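Notes for the one structure printed next.
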Amino acid sequence: MQRHLISAADLTRDDAVLILDTAEEMARVADRPIKKLPTLRGRTVVNLFFEDSTRTRISFEAAEKRLSADVINFSAKGSSVSKGESLKDTAQTLEAMGVDAVVIRHGASGAPYRLATSGWIDAVVINAGDGTHQHPTQALLDAFTMRRRLTGRDAGLGQDLSGRRVTIVGDVLHSRVARSNVDLLHTLGAEVTLVAPPTLLPVGVESWPCEVSYDLDATLPKSDAVMMLRVQRERMNAAFFPTEREYSRRYGLDGERMARMPEHAVVMHPGPMVRGMEITAEVADSPRCTVVEQVANGVSIRMAVLYLLLGGNEPAVTHTRTEEK
Amino acid sequence: MSKILIRGAKVLGGEPQDVLIDGETIAQVGAGLSAEGAEVVAADGKVLLPGLVDLHTHLREPGREDSETVLTGTRAAASGGYTAVFAMANTFPVADTAGVVEQVWRLGREHGYCDVRPIGAVTVGLEGRKLAELGAMHESAAGVTVFSDDGKCVDDAVIMRRALEYVKAFGGVVAQHAQEPRLTEGAQMNEGVVSAELGLGGWPAVAEESIIARDVLLAEHVGSRVHICHLSTAGSVEIVRWAKSRGIDVTAEVTPHHLLLTDEMVRTYNPVYKVNPPLRTERDVHALREALADGTIDIVATDHAPHPHEDKDCEWAAAAMGMVGLETALSVVQATMVDTGLLDWAGVADRMSLAPARIGRATGHGRPVSAGEPANLTLVDTAYRGRVDPAGFASRSRNTPYEGRELPGRVTHTWLRGKATLVDGKLT
Amino acid sequence: MDKIDKQDTPAAARASDARPVLEGPDIARVLTRIAHEIVERAKGADDVVLLGIPTRGVFLAQRLAAKLEQITERKIPVGSLDITMYRDDLRMHPPRALARTEIPGDGIDGRLVVLVDDVLFSGRTIRAALDALNDIGRPRAVQLAVLVDRGHRELPIRADYVGKNLPTSLRETVKVQLAEEDGRDTVLLGAKPDAAGESQH
């Protein structure tokens, strides 16, 4: 594995499977009376959040604490950052305090990459979501959730997602979750189809390793997992679609549509959901919807990533990538 | 001022000749000229060009002297072989009055490294709403002939039409920064495969092309001339080619960086590659080179845009747009146009000196290297190969995308009206 | 990852030079003896839980459980205890892949836990195992069964049940092979491949 986790595209198949397998063991810790491991004792991890994201921050914090790391939470709001301090100065200040890893959430695409490659700091950088670029731990927890549901907890160990058909629906243009998932699911052998109105697909999407469709109804029967992305109501004002009602009618998932999915297929959502927009309450609350599991799995995945990047004297060893780069 | 004999220089890349400078003018060009009473500069097969003219420089003074001043900017220009630069209007305050343009012009004269021809703003405060006093700026001591809101597009079609019409009265030209503002809201880089992957706001080619198409039609309609700044896409080339074939009086420039770099560089998220217009694709780069070779694009202009270190040492979205270019322009043109066989040195002289001087009406610049002409000259060691080291720049800023890159060619001497501003690569 | 370390080519080449100190029938006999000892010491083994330490300790625990079940005619709870995340040498290597920790359904509280491993060497693995147990529950007592005790303890730890005491030098390696993992049962004593090589036990 590479030293930092910046993009899901940086993971090889073996890296990704190792993370999923490790997360499976980490998940068992949650079933024990003492939900804690001594593994990162003496390591300091800072959660550097330039964007509000309580759920991601809490998930990382829970993972760090279960591994006994010392945790520092740094939220940009009300801090020196809002007074104009640069990312570089903030990061260097934190590193001066002896931080071993920086978990960073930033509104600017590429900020974690900059932090990891510009020579500003030595700490391990873990991307907790940057702009509309990447959110690799989200993609990992999604893959983990799919593998558990579709293959099984134990049967899934060592397995990728070869041949699974995953449909990602919604605002792909503004979604780091979609980008990370396309990269990771492709690496894991799944077949991905993006479904969105053409206005919410990026120019250049044709080069991505996936199919693109404008027709949700035609795609649903061929899906093992359907991932609904959040659609912010503000997009309507920027003319990405005419009305909320029209969006829901064409691209929202309701009970009737869900019935067209194969029986084993699951509905996923990275949260927070906009009920009534991309997903109806009936679907969100159905047993096929994995939203709550995804949250629990997020902690296991983040524990696995932290352990594999920080647990030893260097990142965990898996096969190196030979193609590309 | 005494005599200087440049011995054995390949004038415009031709056979070695001697060139005798007497005072401010070229006295003689020929073989075996007498060195009597003259200081001899052994050119040894270096290429002698007319002093370069940059139609698009940001000198930042007044207002942003932390990134560049007229002094440091003109020293950088002399280092790069330039004898005249057109200073863009987006200073603080904006060069939209006779007072500001005269100040910039006078500073250039005082320092004496390079003639500074201020460009006037088209609209007050570059705000695109109200025409600036174009006539007053033209009549000022600065004698402004080029007007531009560069950095911003004159996007209002009526204002653009009026400006094109108005400057006809005194032979001015409007240089348009072609960027449709609504299509580029939040834009961070060229829109395409790379932006999709990097999650950076896309800057579509059509945002540039639609404005160019509109403006060449406006220029045709009102019978004025229009200049297109830093043209960057293959589609823009097609539109300009079409306009020229119709006889529309349009000229266009390309920057050195758009001749060399592509949006693939942005994968590093290093803001040194962040520039307006953005780096485009390989296909665009090739179209731009061909267009510069066949004359569809008239000139190379640097869009030298100095920024202090902290404005680039940050995350991409927070970084300023622009690159310094005066001190590397000729090397990049040699690498992309000469060494590739697309252009000979006479062609380089045309695109980097004669044509820009003609478009900007810079009298005394962009003249042939022949007896009786002003001694504005540049001597280039074209055999030189070296890595770009920004620490050696005369510019106050270091935001070059070429750091560590090997580039050919090096300007060793620059003469401004017979006075050496650069000798053996060192500023005087 | 452990498997890779132990079977990489130089080690495998040396393994052919290694000398067997226990063969299949010996191992079976030794396990039978340990099973009897456990029944005797635990007075019927009513509350015994066997926890093997991955990888080979797990197979040994399963074999011991089978033997105990023969002797006592009762079901013996058996599981596994991965100690990777409790190791004291984590920072000296890249992180290792985790093995399964499987605690039998009724847990370990109030039980007699017998830890099972293949080789007892420095004692650090057992130290880590005791820490791991501590996070899982509170046994009545903890005992240790090993196939081979090769000496060189670095911590105050000893085994309650030992298959074979094998005095070794630090320049030697002890390699346990079990049918479940390696295709055959044997304990090999050989020369250490390289000073920097992964320690066996």
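Read-outs: derived from the displayed coordinates by stated rules, not from any lab. Bear in mind the structure is a predicted one, so any value in this text is a computation, not a measurement. We place every Cβ from the backbone using ideal geometry, glycine too, and count neighbours over all the protein chains shown.
Spatial offset of the range A:100-172 relative to the range A:1-73 amounts to 12 Å, using the alpha carbon center of each.
Would you mind classifying the range B:123-212 by shape? Square roots of the alpha carbon gyration tensor eigenvalues, ordered a ≥ b ≥ c; an a/c under 1.5 is rounded, otherwise it is prolate if a/b is larger than b/c and oblate if not. Present the calculation step by step, with values, prior to reporting the outcome.
Values: a/c = 3.00, a/b = 2.75, b/c = 1.09.
Here the range B:123-212 falls in the prolate category.
When A:90, B:268 are arranged by Cβ crowding within 10 Å, least crowded first, meaning fewest neighbours, the order is B:268, A:90. Which residue, B:295, B:223, B:273, has the largest displacement toward the positive end of the dipole of the range B:51-360 when charges sit on each Cβ (Lys, Arg +1; Asp, Glu -1)? Value: B:223.
Cross-link partners for residue B:46 among the lysines, with Cα-Cα distance under 25 Å and sequence neighbours closer than 8 places in the same chain left out: B:3, B:10, B:419, B:426. Each Lys and Arg adds +1 at its Cβ and each Asp and Glu adds -1 at its Cβ; summed about the Cα centre, chain C shows a dipole of about 320 debye. For the range B:51-360, the Cα-based Rg and Dmax, in that order, read 17.8, 51 Å. From least to most packed, judged by other beta carbons within 10 angstrom and beginning with the fewest, A:227, B:321, B:189 follow the order B:321, B:189, A:227. Working note: 222 nm ellipticity from helices only, DSSP H runs with n ≥ 4, each -39,500 (n - 2.57), summed and divided by the residues of chain B, gives -7500 deg cm²/dmol to the nearest 500.
Remark on residue B:255: its backbone amide H falls under 5 Å from those of B:231, B:301, a criterion applied only to residues 5 or more positions apart or on other chains, H modelled at 1.01 Å from N. The calculated FRET efficiency for the pair residue B:31 and residue B:65, based on their C-beta separation and a Förster distance of 60 Å, comes to about 0.80. With a Förster radius of 45 Å applied to the C-beta separation of residue C:155 and residue A:85, the computed FRET efficiency comes to 0.40. For chain A, report the % of Cα-Cα distances exceeding 36 Å. Value for chain A (Cα pairs over 36 Å): 17 percent. Summing Cβ point charges (Lys, Arg +1; Asp, Glu -1) relative to the Cα centre of the protein assembly as shown gives a dipole of roughly 1740 debye.
What does the convex hull of the Cα atoms of the protein assembly as shown come to per residue, in Å³, rounded to a whole number?
Working: hull volume 191.5 nm³, N = 954.
Here the figure is 201 Å³ per residue.
Computed over every Cα-Cα pair of the range A:268-315 and binned at 10 Å starting from 0, the pair-distance distribution P(r) comes out as 24, 35, 21, 15, 5 percent.
Database remark: amide H of residue A:168 closer than 5 angstrom to the amide H of A:193, A:194, A:195, A:227 (H placed geometrically; neighbours at sequence offset of 5 or more, or on other chains; Pro and chain starts carry no H). The aspartates and glutamates whose alpha-carbon is closer than 12 Å to the alpha-carbon of residue A:222, local same-chain residues fewer than 8 away aside, are A:191, A:263. With a ≥ b ≥ c taken as the square roots of the eigenvalues of the C-alpha gyration tensor of the range A:117-236, please select rounded if a/c is under 1.5 and otherwise prolate if a/b is larger than b/c or oblate if it is not? Oblate, because a/c is 1.5 or more while a/b does not exceed b/c.
Once Rg and the Kirkwood radius are both taken over the C-alpha atoms of the range B:1-117, their ratio Rg/Rh works out to 1.11. Amide H contacts under 5 Å for residue B:275: B:322, restricted to partners 5 or more places along the chain or on a different chain, H placed in the peptide plane at 1.01 Å from N.
Scalar couplings 3J(HN,Hα) for the range B:186-202, obtained by applying the Karplus form with A = 6.51, B = -1.76, C = 1.60 to θ = phi - 60°, are x, 6, 10, 6, 3, 7, x, 4, 6, 5, 4, 6, 7, x, 9, x, x Hz; x denotes Gly and Pro.
For the residue pairs B:152/B:274; C:67/C:164; A:88/B:152; A:36/C:75; A:35/A:65; A:88/B:312, the alpha carbons lie more than 20 Å apart in A:88/B:152; A:36/C:75. Shown in residue order for the range A:156-169 are the 3J(HN,Hα) couplings computed by the Karplus curve 6.51 cos²θ - 1.76 cosθ + 1.60 at θ = phi - 60°: x, 3, x, 9, 9, 10, 3, x, 6, 10, 10, 10, 10, 10 Hz (x for Gly and Pro). Look at A:191, A:246, A:263 and count the other Cβ atoms within 10 Å of each Cβ; fewest to most, that gives A:263, A:246, A:191. A simple charge model with +1 on the Cβ of Lys and Arg, -1 on the Cβ of Asp and Glu and nothing else charged puts the dipole of the range B:51-360 at about 640 debye relative to its Cα centre. Inter-part distance, the range C:70-122 to the range B:35-91, computed on C-alpha centroids, equals 76 Å. For the range A:271-307 versus the range B:275-345, the inter-centroid distance based on Cα atoms is 47 Å. The Kirkwood hydrodynamic radius of chain C, based on inverse pair distances between different Cα atoms, is 17.2 Å.
Look at the Cα gyration tensor of the range C:72-162: its axes a ≥ b ≥ c give a/c of at least 1.5 with a/b at or below b/c, and that counts as oblate. Other residues with beta-carbon under 12 Å from the beta-carbon of residue B:92 carry, at +1 per Lys or Arg and -1 per Asp or Glu, a net charge of -2.
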